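What follows is a single structure, written as structure tokens, with notes after it.
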Amino acid sequence: MPSALVSGVSRGLGAHLCRALKAAGHRVLGVGLAAAPRHDDVDDYRMVDLREPLPDDLFAGEDVDVLVNNAGVYLDDPRGGYGDLFALTVDDLRETFEVNVFGAARLVLRYAPRMLARGAGRIVCVSSGMGRLQDADGASFAYRSSKLAANSLTLSVARHFAAGAGDLAAFSYCPGWIRTDMGTPYAPDEPGPAADDLVRLLSLPAARSNGRFFRGLDELGWDTRGPFVSE
Ligand SMILES: NC(=O)c1ccc[n+]([C@@H]2O[C@H](COP(=O)([O-])OP(=O)(O)OC[C@H]3O[C@@H](n4cnc5c(N)ncnc54)[C@H](OP(=O)(O)O)[C@@H]3O)[C@@H](O)[C@H]2O)c1
């Protein structure tokens with residue numbers, strides 16, 4: 001049975017990813033801040049704060065076939081009353097990067113080399129269209145730049161995976177605006193279908209997903225606009 005390690009599983013998109021991965025036949029390994037997940041779709045759960053170094057023995061002995069970097073924070077969210085760029089504190093910028101970039105990188109650095117050695121695996125970065133340079137505005141710099149960096153991590157892994165032999169793919173995935181704690185109750189879409197779509201993408205041939213950025217089942221693309229010009 002293939003195993004899938006998902007970060008941030010207790011609620012939101014992560015909880016739905018566990019359900020969808022389990023339904024697709026995966027053994028689900030989960031990490032998160034909560035003492036325990038709020039559902040039964042995780043086979044093995046460890047409380048891990050992704051702002052800290054990973055425990056040396058995290059899922060030791062497990063072959064992780066799929067890694068989904070889902071955990072994330074959006075501290076400088078204007079919908080929660082946060083101001084624009086000039087209201088941002090360096091502490092919030094640092095904490096955003098600790099979770100959204102360093103936490104994701106810690107898991108990638110731990111598990112991607114093992115996938116390369118085995119010649120099989122999938123790594124997914126749950127990102128956001130807000131991480132595209134073309135979508136930047138004057139607010140949410142911490143969140144946007146962290147997702148931009150996470151996308152860059154995806155592309156770096158994808159380069160290694162493309163050069164490796166076997167069934168290897170790394171891609172970024174935007175779930176769209178979904179109703180979760182982060183997405184707020186005003187989001188138009190439920191997280192369940194977004195989780196189902198991500199799991200469908202895992203079964204694409206590697207050459208059709210490696211190095212790509214999807215929203216739902218469609219390719220979103222990294223950036224399409226040319227130079228920023230104000231008229
Ligand atoms: N919601 C949207 O509209 C939307 C849109 C685009 C992209 N996204 C992305 O989708 C992903 C999931 O978001 P969501 O909407 O499901 O958010 P959410 O409901 O706020 O859940 C965030 C998850 O991240 C985990 N997490 C936060 N800090 C952590 C830390 N220090 N260590 C370990 N885990 C930590 C939380 O764990 P605990 O539950 O254990 O606290 C939680 O499971 C994020 O990467 C987000 O950026 C969301």
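The values are calculated or read from the model by the stated rules, or taken from the named source; none is laboratory data. This one's a predicted model, so the numbers in the text were calculated from it and none came from an experiment. A quick note on method: Cβ atoms are made from the backbone with ideal geometry, for glycine too, and the neighbour counts reach across all protein chains shown. These area figures cover heavy atoms from the full protein model, side chains too; ligands, DNA and RNA do not enter into them. Shrake-Rupley method; radii C 1.70, N 1.55, O 1.52, S 1.80 Å.
The table for this structure:
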quantity	calculated
Conditions (1) free of Cβ contacts under 8 Å to residues at least 24 places away in the same chain; (2) within 15 Å of the ligand (Cβ to nearest atom): number failed by Lys22	(2)
Unique residue being surrounded by 21 or more Cβ atoms within 10 Å (Cβ to Cβ), aromatic (Phe, Trp, Tyr), modelled with pLDDT of 95 or more and touching a Gly at 6+ places or on another chain (Cβ under 9 Å) when the list is Tyr45, Tyr74	Tyr74
Residues being touching a residue at least 40 places away in the same chain (Cβ under 8 Å) and either among the small types (Gly, Ala, Ser) or not in a loop (DSSP other than H, G, I, E, B) (or both) - total across the stretch 184-202	9
Looking only at the stretch 123-154, and only at residues there that are open to solvent by 10 Å² or more (accessible area, probe 1.4 Å) and assigned to a loop (DSSP other than H, G, I, E, B), the one that is nearest to Leu17 (Cα to Cα)	Ser128
Residue count for the stretch 206-224, restricted to those that are touching a helix residue (DSSP H, G or I) at 6+ places or on another chain (Cβ under 8 Å), open to solvent by 20 Å² or more (accessible area, probe 1.4 Å) and among the aliphatic types (A, V, I, L, M)	2
Residue match in the stretch 23-33 (condition: loosely packed, with under 13 Cβ neighbours inside 10 Å, in a loop (DSSP other than H, G, I, E, B) and either in contact with a Cys (Cβ under 7 Å, 6 or more places away or on another chain) or at pLDDT 95 or above (or both))	yes
Residue tally, condition open to solvent by 50 Å² or more (accessible area, probe 1.4 Å), within 14 Å of the ligand (Cβ to nearest atom) and hydroxyl-bearing (Ser, Thr, Tyr), over the stretch 159-204	1
Test result for Gly176, out of contact with any strand residue (DSSP E or B) (no Cβ under 9 Å at 6 or more places or on another chain), over 29 Å from Leu58 (Cβ atoms) and not in a helix (DSSP H, G or I)	no
Subset of the stretch 103-122 (residues that are closer than 21 Å to Gly30 by Cβ and either within 14 Å of the ligand (Cβ to nearest atom) or part of a helix (DSSP H, G or I) (or both))	Gly103, Ala104, Ala105, Arg106, Leu107, Val108, Leu109, Arg110, Tyr111, Ala112, Arg114, Met115
